[in-house]
Amino acid sequence: MTSTNYEKALFLLRQALDNPIAGFRPGQWEAVTELIENRSRLLVVQRTGWGKSLVYFLATRLLRDKNAGCTLLISPLLALMRNQIAAAQRINVKAATINSSNTDDWDAVKRQLLAGQVDILLISPERLANQEFIEEILLPISQKIGLFVVDEAHCISDWGHDFRPDYRRIVRILQALPQNISVLTTTATANNRVVNDIISQLGSNLHVLRGNLTRQSLHLQNINIPSPAARMAWLAEHIPNIPGSGIIYTLTVRDADRVAEWLTTQGINAKSYHADLDNQLREELENALLNNKIKALVATTALGMGFDKPDLGFVIHYQRPGSVVHYYQQVGRAGRAVEKAYGILLNGNEDDEITNYFIKTAFPPEIHTEKILNLLNQAENGISVPQLEVQLNLSRGQIDKVLKLLSIESPSPVVKKDSKWYATPISYQIDTDKIEKIINIRRQEQEIMRQYMMSQQCLMTFLAKELDDPNPTPCGKCAVCLGEPILPETYSLKLVNQAIKFLRRSDQIIEPRKIWVAQAFPIYGFSGKIKDDLKAEPGRALSLWGDAGWGELVQRGKYIDNYFDDALLEGVCDMIQRWQPQPFPTWVTCVPSLNHRQLVPDFAERLAKKLNLPFVPIVQKIRPTQYQKQMSNSYQQAHNLDGAFAVESFPGMSGSVFLVDDILNSRWTFTVISALLRRAGSGSVFPLALALNILGQTD
């Protein structure tokens, strides 16, 4: 490229960064040149914060100025898209997006795109599964695309830490496009194994530009604090003293909510952020953090790839991630434009259990795939997902996962038309060897993170080596290099006790079900909307199963002592005092069991005595059922209970009632018995459980 082009690109760079003295980082200009001059296919592996998005913005602007077609950018997160659109506007690159949050704009975007008025179109990989998008937008512009960009390209590889099945469609799309299109794929978290897999899928002409992964501003430290209450105490004590605002990562949604609530009680402005929140709220939370209006977002991986806050002061992990690449990608959010930022990794007793669950559920069991394919092959007129739920004891998530993984195979043994799935005449064989190898890699990654937690070598060097950085160098800034803690490892026992009390007040609301599952209750005759005079009231669970606080005590009572401790009784009474259901119940009953006949009735009777209310065990179990925890979808859970219970009337039952159970798995037991109680003449039914089982597993 001529010096004029370089000067123009430098001007645009400074405009994009709003910095009149900014310059190209090593490798940025080389990547732009490759795309503009040589029409190359590149894989750029550079550290978080290096500026990969600037490469495709600048390349887009320069290509468009040469009358090239628009850029198509495939990006995995809506949060990432919002940041990119704002950055593109600063260099007069007109960006548009088609995603699930802007459906009202689709027609206008389509018109502008086909008229050549859009410079860069951002889409999620899931959009490539939409036939309407392919036929009406992608095909008409396919021969005019000037630059094809795949952001977070490690998602292509199922050997990577964040494989996304829809990324596999990119390979097919790219094969169908003209071969002279410039292609840019980018990632910060690809080791050699993942890089080689990406090359094998996208072609041997994919050139790799790899940079140094060391982050100069990051000060890393690992602190082993097994107890959740102690970790919460550490956060409450030390976060106020850390400059700036930051992110606290948790492994689960429930921990994100709980830690944020705890910090709020301690006067720290923290909010939880996860995929269960709607898009608008997530955007508001992102902006609050970007503008330093809150001290911390307590987030799951939903706030990961692409979130860009240059002055982020800290990233703290409440639990240990499952792999080095996960950790590097997350901790790399911090310190992009400040001289000093903190990356603190805490460690808990529950870390391995949670990571093991994620590893175990990453791929559907082979038998699930076989059952679904057998049903599809037998169904001449196709079969819908709700129909599969009726015939299979599999969760909706498991069914969707199997169908998604089958649909991205090439050729695919399944095809979707409208709401139904059909088998194709493809002989499909599950690659069990590959799945086993990937699971073994996940186990190895987990072990490497355990080693990192205890590492006595430079922490940044450890991370860089595991990511196959060709030139890892000691950072001189981590706790190991300095030989002393960067932040104190101590915490107040007073705060620990407060955290324990907080954990023991983490009541869980039991929302009543509103609709009966179709065809699940032929004996009871329940169908359609649950009528108000049969519906349960909002209930309460004292704890989460196995959780710090009360959950561990519930677990012990059920499976070791066969008796629920008096401390749980006191905890439930305190919860009822906070709850104050109205009209307040005048009697107590319980869910019967044929397996643990006395466990729940004994506790319910003791509770009734404590509340000075009569205990009336009028609910009878009249036939055996499968354990609800073994029922995997709503139809199976509901149908399992049809005709299982009977309720006897008694003269004083017209008042409100507490309906007591130990473990809440699906809410269907409470829903059915509440309806039977109301039908028999009871007043309002308030479900009350000792523990809510989030994952549906109690052993």
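I'm checking my understanding of the structure. Among residues of segment 501-541 that are aliphatic (A, V, I, L, M) and under 25 Å from the mean Cα position of the chain (by Cα), which one is surrounded by the most Cβ atoms within 10 Å (Cβ to Cβ)?
First, pick out the residues of segment 501-541 that are aliphatic (A, V, I, L, M): 503, 509-510, 515, 517-518, 520, 523, 530, 534, 536, 541.
Filter once more, so that each one left must be under 25 Å from the mean Cα position of the chain (by Cα): 503, 509-510, 541.
Working: LEU503: 20, ILE509: 10, ILE510: 20, ALA541: 26.
For segment 501-541, the residue satisfying everything is ALA541.
Mind counting the residues in segment 477-510 that are among the aromatic types (Phe, Trp, Tyr) and assigned to a loop (DSSP other than H, G, I, E, B)?
Total meeting the criteria: 1.
From ALA108, ALA153, which residue is hydrophobic (A, V, I, L, M, F, W, C) and loosely packed, with under 13 Cβ neighbours inside 10 Å?
After ruling out the rest, the residue left standing is ALA108.
Any idea which of LEU303, LEU281, LEU285 is free of Cβ contacts under 8 Å to residues at least 24 places away in the same chain, buried (at least 17 other Cβ atoms within 10 Å of the Cβ), assigned by TED's automatic domain parsing to the domain that holds ALA233 and within 27 Å of LEU73 (Cα to Cα)?
Result of the check over LEU303, LEU281, LEU285: LEU285.
Select from segment 11-24 the residues that are surrounded by fewer than 18 Cβ atoms within 10 Å (Cβ to Cβ) and aromatic (Phe, Trp, Tyr) and list them in ascending order.
Matches in segment 11-24: PHE11 only.
Please tell me if SER204 is more than 28 Å from the chain's Cα centre (by Cα) and of a type in the set (S, T, N, Q).
yes
Could you give me the residue pairs with C-beta distances under 6 Å whose first residue belongs to segment 23-35 and is touching a residue at least 40 places away in the same chain (Cβ under 8 Å), whose second residue is assigned to a helix (DSSP H, G or I) and among the β-branched types (Val, Ile, Thr) wherever it lies, and which are 6+ apart or on separate chains?
Sorted first by the residue in segment 23-35, then by its partner, the pairs are ALA31/VAL55.
Could you tell me whether segment 651-664 includes any residue that is more than 26 Å from ILE576 (Cβ to Cβ) and under 25 Å from the mean Cα position of the chain (by Cα)?
No - not one qualifying residue is present in segment 651-664.
Looking at (1) under 18 Å from the mean Cα position of the chain (by Cα); (2) over 22 Å from PHE462 (Cα atoms), find the lone condition where ALA288 falls short.
With respect to (1) under 18 Å from the mean Cα position of the chain (by Cα); (2) over 22 Å from PHE462 (Cα atoms), ALA288 is out only on (1).
Residues are listed down the side, and each one gets a yes or a no for (1) in the same structural domain as THR71 (by TED's automatic domain parsing); (2) at pLDDT below 80; (3) under 30 Å from the mean Cα position of the chain (by Cα); (4) assigned to a helix (DSSP H, G or I):
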{"site": "ALA108", "(1), (2), (3), (4)": "yes, no, no, yes"}
{"site": "GLY116", "(1), (2), (3), (4)": "yes, no, no, no"}
{"site": "ILE134", "(1), (2), (3), (4)": "yes, no, yes, yes"}
{"site": "SER142", "(1), (2), (3), (4)": "yes, no, no, yes"}
{"site": "VAL149", "(1), (2), (3), (4)": "yes, no, yes, no"}
{"site": "CYS155", "(1), (2), (3), (4)": "yes, no, yes, yes"}
{"site": "ASP158", "(1), (2), (3), (4)": "yes, yes, yes, no"}
{"site": "ASP162", "(1), (2), (3), (4)": "yes, yes, yes, no"}
{"site": "ARG169", "(1), (2), (3), (4)": "yes, no, yes, yes"}
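Picking from ASN192, ASN180, ASN205, ASN196, which residue would you name as being assigned by TED's automatic domain parsing to the domain that holds PRO140, touching an Asp or Glu at 6+ places or on another chain (Cβ under 7 Å) and surrounded by fewer than 18 Cβ atoms within 10 Å (Cβ to Cβ)?
ASN192
How many residues does segment 118-132 contain that are assigned to a helix (DSSP H, G or I) and not hydrophobic (A, V, I, L, M, F, W, C)?
Final tally of qualifying residues: 5.
Residues in segment 223-236: is at least one in a strand (DSSP E or B) and at pLDDT 95 or above?
Yes, segment 223-236 contains a residue that is in a strand (DSSP E or B) and at pLDDT 95 or above.
So which of CYS458, CYS475, CYS481 is modelled with pLDDT under 95 and not assigned by TED's automatic domain parsing to the domain that holds VAL685?
Values: CYS458 fails: modelled with pLDDT under 95; CYS481 fails: modelled with pLDDT under 95.
Result of the check over CYS458, CYS475, CYS481: CYS475.
crowded, with 17+ Cβ neighbours inside 10 Å and farther than 25 Å from ASN222 by Cα: which single residue out of SER407, SER384 fits that description?
One residue alone meets the criteria, SER407.
Suppose the filter is of a type outside the set (Gly, Ala, Ser), more than 35 Å from the chain's Cα centre (by Cα), outside the structural domain of ASP276 (by TED's automatic domain parsing) and surrounded by fewer than 15 Cβ atoms within 10 Å (Cβ to Cβ); does LYS8 pass it?
It is false that LYS8 is of a type outside the set (Gly, Ala, Ser), more than 35 Å from the chain's Cα centre (by Cα), outside the structural domain of ASP276 (by TED's automatic domain parsing) and surrounded by fewer than 15 Cβ atoms within 10 Å (Cβ to Cβ).
Check GLN620 against each of (1) touching a strand residue (DSSP E or B) at 6+ places or on another chain (Cβ under 9 Å); (2) under 27 Å from ASP507 (Cα atoms); (3) surrounded by fewer than 19 Cβ atoms within 10 Å (Cβ to Cβ); (4) at pLDDT 95 or above and name the one condition it does not meet.
Going through (1) touching a strand residue (DSSP E or B) at 6+ places or on another chain (Cβ under 9 Å); (2) under 27 Å from ASP507 (Cα atoms); (3) surrounded by fewer than 19 Cβ atoms within 10 Å (Cβ to Cβ); (4) at pLDDT 95 or above one by one, GLN620 breaks only (2).
Here are the criteria: (1) assigned to a loop (DSSP other than H, G, I, E, B); (2) modelled with pLDDT of 95 or more; (3) closer than 29 Å to LEU676 by Cα; (4) of a type outside the set (D, E, K, R). Tell me which single one GLN519 does not satisfy.
(2)
Scan segment 205-219 and tell me whether some residue there is closer than 27 Å to LYS434 by Cβ and among the polar types (S, T, N, Q).
Yes, there is a match, as at least one residue in segment 205-219 is closer than 27 Å to LYS434 by Cβ and among the polar types (S, T, N, Q).
Inside segment 505-536, can you point out the residues that are within 20 Å of VAL657 (Cβ to Cβ) and hydroxyl-bearing (Ser, Thr, Tyr)?
Across segment 505-536, the qualifying residue is only TYR524.
Within segment 361-381, count every residue that is surrounded by 17 or more Cβ atoms within 10 Å (Cβ to Cβ) and either of a type outside the set (A, V, I, L, M) or assigned by TED's automatic domain parsing to the domain that holds GLN636 (or both).
Counting residues in segment 361-381 that are surrounded by 17 or more Cβ atoms within 10 Å (Cβ to Cβ) and either of a type outside the set (A, V, I, L, M) or assigned by TED's automatic domain parsing to the domain that holds GLN636 (or both) gives 5.
Pairs only if they're at least six apart or on different chains, beta carbon under 6 angstrom, first in segment 685-699 and surrounded by fewer than 24 Cβ atoms within 10 Å (Cβ to Cβ) and at pLDDT 50 or above, second part of a loop (DSSP other than H, G, I, E, B) and not hydrophobic (A, V, I, L, M, F, W, C); list them, first residue then second.
ASN693/ASN665
One line per residue, one yes/no per condition, for (1) in contact with a strand residue (DSSP E or B) (Cβ under 6 Å, 6 or more places away or on another chain); (2) in contact (Cβ under 8 Å) with a residue 12 or more places away in the chain; (3) among the polar types (S, T, N, Q); (4) within 30 Å of SER674 (Cα to Cα):
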{"site": "LEU482", "(1), (2), (3), (4)": "no, no, no, no"}
{"site": "LYS501", "(1), (2), (3), (4)": "no, no, no, no"}
{"site": "ARG504", "(1), (2), (3), (4)": "no, yes, no, yes"}
{"site": "PRO512", "(1), (2), (3), (4)": "no, yes, no, yes"}
{"site": "TRP550", "(1), (2), (3), (4)": "yes, yes, no, yes"}
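Output the number of the condition that ASN347 fails; it satisfies all remaining conditions of (1) under 23 Å from LEU463 (Cα atoms); (2) under 21 Å from the mean Cα position of the chain (by Cα); (3) loosely packed, with under 14 Cβ neighbours inside 10 Å.
Single failed check for ASN347: (3).
For the structure I just gave you, tell me whether SER142 is small (Gly, Ala, Ser) and either within 20 Å of ILE198 (Cβ to Cβ) or in contact with an Asp or Glu (Cβ under 7 Å, 6 or more places away or on another chain) (or both).
Criteria not met by SER142.
For segment 333-344, which positions are surrounded by fewer than 23 Cβ atoms within 10 Å (Cβ to Cβ) and modelled with pLDDT under 90?
To start, the set of residues in segment 333-344 that are surrounded by fewer than 23 Cβ atoms within 10 Å (Cβ to Cβ) comprises 336-340.
Hits for segment 333-344 are ARG336, ALA337, VAL338, GLU339.
Restricting attention to segment 187-227, and to residues there that are in contact with a Phe, Trp or Tyr (Cβ under 8 Å, 6 or more places away or on another chain) and of a type in the set (S, T, N, Q), which single residue is nearest to MET460 (Cα to Cα)?
By that ranking, first place goes to GLN221.
I'd like the residue in segment 260-275 that is part of a loop (DSSP other than H, G, I, E, B) and at pLDDT 95 or above and, out of all such residues, is nearest to ALA288 (Cα to Cα).
First pass over segment 260-275, keeping only residues part of a loop (DSSP other than H, G, I, E, B): 266-269, 274-275.
Applying the additional criterion that residues be at pLDDT 95 or above yields 266-269.
Details: GLN266: 19, GLY267: 17, ILE268: 14, ASN269: 11 Å.
Among residues in segment 260-275 that are part of a loop (DSSP other than H, G, I, E, B) and at pLDDT 95 or above, the one nearest to ALA288 (Cα to Cα) is ASN269.
The values are calculated or read from the model by the stated rules, or taken from the named source; none is laboratory data. The structure presented is a predicted model; accordingly, all values stated were derived computationally and were not measured. Virtual Cβ from ideal backbone geometry, glycine too; neighbours counted across all protein chains shown.
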